[in-house]
Amino acid sequence: MSSRLVMLALIGSFMWAARSFDPQTTASAGLTLALGFVMLASFFSGQIAGSLGLPKLTGYLAIGVIAGPGVLGLLGTGTVERMQLVNGVAISLIALTAGGELSFRRTRPLLRSIAWITLIAVVGTTLLLAGAVLLLRPLLPFVASLDTSEALSAALVLGIVLAAQSPAVVIAVRSELRADGPVTRTLLGVVVVADLVIIVLFALGSAVARATFDGEADAIGTLATLAWELFGSMGAGLVAGGVLLLYLSRVRGGASLFVVGLCIVIAEVGTELRLDPLIAALTAGVLVENASDEGHRLLEEIAGASLPLYLVFFAVAGANIHLDTLATVGVPAVVLVAVRAVGLLGGTRLATGVAGGPPVVGRYVGFGLLPQAGLAIALSLLFARTFPELREAAALTMAVVAINELVAPVFFRRALIRSGEGRVGDDLGVDPTVDAAES
Amino acid sequence: MRLVAVGALLLFATGAGAETSLALRSVLGLLALLALAFLAAHPAVQRAEELLGISQVVAAGLPFFVLGAIAHLPSVGLLTDEVLLELGPLLDIGLGWVGVLAGLQLDLRAIARWSPLTRQLSSVVTFVPFVVVGLAMGALLHVAEIPATDHRLVRDAVAFGAVGCLAAPTAAALLSASGLGADAVQVVRNVARLDDLLGVAVLAILSAFFRPTASVGWSLPPIGWLFVTLGMGLGLGLITYVALRAARSDSEGIAVLLGSVALSAGAASVFSVSPIVTCFVVGFVLANLPLPREAETRAALTRLERPVYLLFLFVAGSLWRFDLWLGWVMLPAFVVARLLARLAAVRFARWRGLLSHLPGEERPVSRALVSAPIGALSIAIVVNVQTLYPGRAVPLMVTAVVGGSLFSEALVHLLFRVFATDARPRGST
């Protein structure tokens, strides 16, 4: 481990020296330098985390936190913003992986559990969190100043934001441990479905809340936007999946590059046409997995190309963690993290019981719902943009995300190992993407 | 059918016009690129390339060049200067990737095994074209537009010399395919290797002695910048080596390589030196240390080589100015100067007996050395010159390199077909 620490120090020193040459650089050269630094430093910190028995992504996140604008400042705010471009591609690739893993044939026996866990654990926790926000009003000045109906609607939207999960963390840890079995499959199904549910709930909830604040509502407009986002994205995903299928079946070489290229298109098209790249890529992955025999090959191709994107994705997520917010909203944030954990863990047990699922699912799936990353951050930022009068709430949501992002993957990893589905030992050293193709 | 689809996309992109949103045009451009990538990788297209004898990426990637040129048209406006600036990181990483690959070819142990004759031959065949092409292009630039007192004249002439001296290993492959002895093939390959080294060395000197005017930061003498470039490459090469040793799978290896290339190329760009040179030194360090999983590392690097060059051709297409008359004048001058220089160099080498260790194979080897097509690294050097010294010389260089590549590619195949009997091993019918 000491040699890896020395390498980290060397890479950090080099980055510091390069930045000292032109500290204001936010141009393309600075971005290339930052991308290289993040990939190499995350690689070593991931190995250090692995040797400490932590998920590798904790190491990637830690690099983002330490090198980010909040601590050492090796990655400036402008650079981190420009690196978000990689995030869109990474999210598409992660969604494509998740879709490629969702075999209807293998998931069908678990559908009841998935549906009940989504309803009880995820939607239930959303309501629980909204209630907690209302109860914490004395500690939250931005809610305290609102009248009852406004506070209720704001609390509801905050509950939705805070309930969001992270398919990225689930896929990364699952791949690192080469986990497979009912817990893993149910979890993958739940995080994917829950993501869709949260997106829909946020769109509806924020429209209702906006109407409460403004005194007028545009229900048709909201529904049209939502329908476009959902069904338009699915349509785009079907087209992308068709193109991918065509490529995989007709062309033998260079498929991993083509997959990355397609993810860039999905991410860029999604942003420009107001589609959701996550839903589009997910649909494409599901199509390839369930409408052809190319699903396995798709995962293999993704495996070859995804690790660099994951390294950058999690490091950028780490750089976006504002530890300083903990000082101001620390107490309510910790309370909300605890409420969220109780809701998700308890809700999963209850839902599995109702669905008659395997006890192991009830015991461990909830831990996979705890981590937060990209979606929660995106919704937090969207919340701050939609409700400028509640912009202080962003500090609270970011603080909750920060805690869940840093701490929850550790518990999730342990839960997967305890469930008997995650492998430990030598496999820990194997990169987290190789195995995605093997299950 | 697929070509029609790509054509339709391009026409649509062209027809979209300047009033269409940049976003939509970007999406169309991306889709067209994706479609071209699909085509380029399709087995039928690759079979067709083999049938036509197209072996050089510059020739094979001509559609990308044309697409880049179309994308830059004001009526399309896809690949504007702003977009090129946005593509900066991708270009830096591509340049670095090519640099590492070139550096990996420079195994000192292999060079130590070269015979003295091969060393002298390689030096002559590499240096003469560099000097002759540089002088010829410098003279033309001077006559046409740059006064002798302007430092850009030397800079641009040296850059022309660098791209003129590069040779692709196509001729070696053709020699090998025609059944010539391994030594003869190796000689041609070694010359191509030394060409790359000279091209990179010239780039290192150029970026150290002709600092981009916009560069800021430390104030060092030119030789200091040369040391910074080489020292940085050496240090990052060692870091990359240790990281590659720690990688435990192929995809970890790829992540490390990509990270190292991005770090090295990014640092080079921050310091306004050449990413190709810095990464070449990284590749050189890796080539000369016992690298675990060496075959996988080389394979991973090679896998991305072609797409990187295709991207460069796309960018080069956007830098091309077909309305610059000087470019059309320089193209034949460049081709003729390069050909005559290589001919003179090989004649001199034969006169000095530098090919005497290849009895009976002198003529086909000479022909291969003279007709060797322009190496793909030249297109990377053009892109690097654009990132360091954007200006009027770049479109001229694009015309010379792409036109010269097509001509030399055609020439080498023609010569090998016409003189096919010479290349057959002795005793065969």
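The values are calculated or read from the model by the stated rules, or taken from the named source; none is laboratory data. A quick note: this is a predicted structure, and the numbers were derived from the prediction, not measured. Please note: Cβ atoms are built from the backbone with ideal geometry, for glycine as well, and neighbour counts cover all protein chains shown.
Some observations on this one:
- Among helices (runs of 4 or more DSSP H) entirely within region B:335-429, having at least 1 residues that are under 30 Å from B:Asp92 (Cβ atoms), modelled with pLDDT under 80 and not aliphatic (A, V, I, L, M) singles out B:377-388, B:393-418.
- Pair list, Cβ under 9 Å, 6 or more apart: region A:254-268 residue over 21 Å from A:Gly232 (Cα atoms), other residue among the basic types (Lys, Arg): A:Gly254/B:Arg303; A:Gly254/B:Arg306; A:Ala255/A:Arg297; A:Ser256/B:Arg303; A:Leu257/B:Arg303
- Single residue of region B:214-264 satisfying the filter (in a loop (DSSP other than H, G, I, E, B) and at the interface with another protein chain (Cβ under 7 Å from one of its Cβ atoms)) that is nearest to A:Leu307 (Cα to Cα): B:Ser249
- Screening the candidates B:Ser251, B:Ser176 for the property of being of a type in the set (Ser, Thr, Tyr) and in contact with an Asp or Glu (Cβ under 7 Å, 6 or more places away or on another chain) yields one hit, B:Ser251.
- Lone qualifier among A:Gly374, A:Gly356, A:Gly295, A:Gly368 - being touching a residue at least 24 places away in the same chain (Cβ under 8 Å), of a type outside the set (A, V, I, L, M), in contact with an Asp or Glu (Cβ under 7 Å, 6 or more places away or on another chain) and within 29 Å of A:Ser103 (Cβ to Cβ): A:Gly295
- Just one residue in the set A:Gly76, A:Gly88 is in the same structural domain as A:Thr352 (by TED's automatic domain parsing) and either at pLDDT 85 or above or surrounded by fewer than 24 Cβ atoms within 10 Å (Cβ to Cβ) (or both); that residue is A:Gly88.
- Long-range neighbours under 7 Å by Cβ, at least six apart or interchain, first residue in a loop (DSSP other than H, G, I, E, B) within region A:406-420, second surrounded by 19 or more Cβ atoms within 10 Å (Cβ to Cβ): A:Ser419/A:Val183; A:Ser419/A:Tyr364
- Screening A:Phe43 against (1) modelled with pLDDT of 85 or more; (2) more than 13 Å from chain B (Cβ to nearest Cβ) leaves a single unmet condition, (2).
- Region B:73-122, subset among the small types (Gly, Ala, Ser) and part of a loop (DSSP other than H, G, I, E, B), residue nearest to B:Ser274 (Cα to Cα): B:Gly77
- Per the conditions (1) crowded, with 20+ Cβ neighbours inside 10 Å; (2) among the small types (Gly, Ala, Ser); (3) not in a loop (DSSP other than H, G, I, E, B), the sole criterion not satisfied by B:Ala167 is (3).
- Residue in region A:362-375 that is touching a helix residue (DSSP H, G or I) at 6+ places or on another chain (Cβ under 9 Å), surrounded by fewer than 17 Cβ atoms within 10 Å (Cβ to Cβ) and over 27 Å from A:Phe213 (Cα atoms) present: no
- Complete set of residues in region B:71-99 that are away from every other protein chain (no Cβ under 14 Å) and at pLDDT 80 or above: B:Val98
Quick grid of which residues meet (1) in a loop (DSSP other than H, G, I, E, B); (2) touching a residue at least 60 places away in the same chain (Cβ under 8 Å); (3) of a type in the set (Phe, Trp, Tyr); (4) within 7 Å of chain B (Cβ to nearest Cβ):
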{"position": "A:Ala9", "(1), (2), (3), (4)": "no, no, no, no"}
{"position": "A:Ser20", "(1), (2), (3), (4)": "no, no, no, no"}
{"position": "A:Leu31", "(1), (2), (3), (4)": "no, no, no, yes"}
{"position": "A:Ala49", "(1), (2), (3), (4)": "no, no, no, no"}
{"position": "A:Leu75", "(1), (2), (3), (4)": "yes, yes, no, no"}
{"position": "A:Gln84", "(1), (2), (3), (4)": "no, yes, no, no"}
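- Index of the failed condition, A:Thr97 passing every other in (1) within 14 Å of another protein chain (Cβ to nearest Cβ); (2) surrounded by fewer than 24 Cβ atoms within 10 Å (Cβ to Cβ): (2)
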